[in-house]
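The values are calculated or read from the model by the stated rules, or taken from the named source; none is laboratory data. Nothing here was measured: the structure is a model prediction, and the numbers come from that model. Neighbour counts run over all protein chains shown; Cβ positions are idealised from the backbone, glycine included. SASA here: full protein model, heavy atoms, side chains in, ligands and nucleic acids out. Shrake-Rupley method; radii C 1.70, N 1.55, O 1.52, S 1.80 Å.
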Amino acid sequence: MNQATNTLAPSYTNSLVQTEAASSFLSLAATETGRKAFLGDPEKFDSGVGPDLTNAHIALRDGVETIGRLLQDPTRNDVQRHEVAGVVAARTIEVLEKSKAAIERRAEVLYGDGVAQAEREFAPRASHAALESEIRAYIREQAKEPDGPVKVRAAMLESKDVAAVIYHSPGFLVGLNDATHSKLRFEATERWVPDAYKRMTDSIALSELTPKFIKAIGSIRASFYNPTLAAKAKLRVQI
């Protein structure tokens, strides 16, 4: 009696892991546009992390291409394909983890440099002590008025002395709440120390890549291979 072979073609032909999420991730990660969405665009970030971002892009691209070739490999069965795909996933993740760590270090350095530069620029000056005292008194009085913060901001943008007082004075000495004080300090840096401001904003932009990398690494683990199937390779009988 002839028996029909009970095999079904995979629903998602581009993926070893037969889920819509895995197939979608692999499809997007195979494109430059998709990789930029997952890992950021190297051309839009601080040049100090350009090589690290590029390495991550290359690793993801090559990993996805290898998974695609594994799907067509006639010399391996399904368990073996998942076993090898697990190795590919581990190698890809290793590169992304190294890139993420380098990006985080660069973000920390940039922010620290920006803050240090702003602090030097706005540092209290003994020769201006009397003037700065008067400026603090003015800000405290304005802070009590409904439109006071608007007037203080305008004065800060016109006078570096006002900006310096706002930057280096504790909020309670100028009568400003934490949110307003923090916002004005940042705007003072943007107005009077643009290089420091750029370092700080570049740092913030880099920090926003961390959750992207974490998500991409999770997607690689879930999309490249099935750990349960890969583990079956260890049950192989050696002759």
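Residues that are of a type in the set (A, V, I, L, M, F, W, C) and either open to solvent by 30 Å² or more (accessible area, probe 1.4 Å) or within 14 Å of Ser99 (Cβ to Cβ) (or both) within the stretch 23-65 comprise Leu28, Ala30, Ala37, Phe38, Leu39, Phe45, Val49, Leu53, Ala56, Ile58, Ala59, Leu60, listed in sequence order. Does the stretch 116-125 contain any residue that is outside any loop (DSSP other than H, G, I, E, B), of a type in the set (S, T, N, Q) and in contact with a His (Cβ under 9 Å, 6 or more places away or on another chain)? The answer is no; no qualifying residue exists.
Here are some conditions: (1) loosely packed, with under 13 Cβ neighbours inside 10 Å; (2) assigned to a helix (DSSP H, G or I); (3) over 31 Å from the mean Cα position of the chain (by Cα). Arg81 meets all but one. Which one does it not meet? Only one criterion in (1) loosely packed, with under 13 Cβ neighbours inside 10 Å; (2) assigned to a helix (DSSP H, G or I); (3) over 31 Å from the mean Cα position of the chain (by Cα) is unmet by Arg81, namely (1). Residues that are among the hydrophobic types (A, V, I, L, M, F, W, C), modelled with pLDDT of 95 or more and over 13 Å from Ala123 (Cα atoms) within the stretch 151-172 comprise Val152, Ala154, Ala155, Met156, Leu157, listed in sequence order.
Residues in the stretch 89-103 that are open to solvent by less than 70 Å² (accessible area, probe 1.4 Å) and either outside any helix (DSSP H, G or I) or among the charged types (D, E, K, R) (or both): Lys100 alone.
Quick check: anything in the stretch 210-226 of a type in the set (Val, Ile, Thr), in contact (Cβ under 8 Å) with a residue 12 or more places away in the chain and farther than 30 Å from Gly112 by Cβ? Checked against the condition, which is being of a type in the set (Val, Ile, Thr), in contact (Cβ under 8 Å) with a residue 12 or more places away in the chain and farther than 30 Å from Gly112 by Cβ, the stretch 210-226 yields at least one hit.
Residue-wise test of (1) touching a residue at least 12 places away in the same chain (Cβ under 8 Å); (2) over 36 Å from the mean Cα position of the chain (by Cα); (3) under 26 Å from Leu209 (Cβ atoms).
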{"site": "Pro74", "(1), (2), (3)": "no, yes, no"}
{"site": "Ile93", "(1), (2), (3)": "yes, no, yes"}
{"site": "Tyr111", "(1), (2), (3)": "yes, no, yes"}
{"site": "Ser127", "(1), (2), (3)": "no, yes, no"}
{"site": "Arg140", "(1), (2), (3)": "yes, yes, no"}
{"site": "Ala163", "(1), (2), (3)": "yes, no, no"}
{"site": "Phe172", "(1), (2), (3)": "no, no, no"}
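The residues of the stretch 110-129 that are of a type outside the set (Lys, Arg) and open to solvent by 70 Å² or more (accessible area, probe 1.4 Å), listed by number, are Tyr111, Asp113, Glu119, Glu121, Pro124, Ala126, Ser127.
When each of Leu184, Leu176 is tested for being of a type in the set (A, V, I, L, M, F, W, C) and not in a helix (DSSP H, G or I), the lone residue that passes is Leu176.
Yes/no per residue for (1) open to solvent by 10 Å² or more (accessible area, probe 1.4 Å); (2) not small (Gly, Ala, Ser):
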site: Glu141; (1), (2): yes, yes
site: Glu145; (1), (2): yes, yes
site: Lys151; (1), (2): yes, yes
site: Ala154; (1), (2): yes, no
site: Glu158; (1), (2): yes, yes
site: His168; (1), (2): yes, yes
site: Lys183; (1), (2): yes, yes
site: Leu206; (1), (2): no, yes
site: Lys215; (1), (2): yes, yes
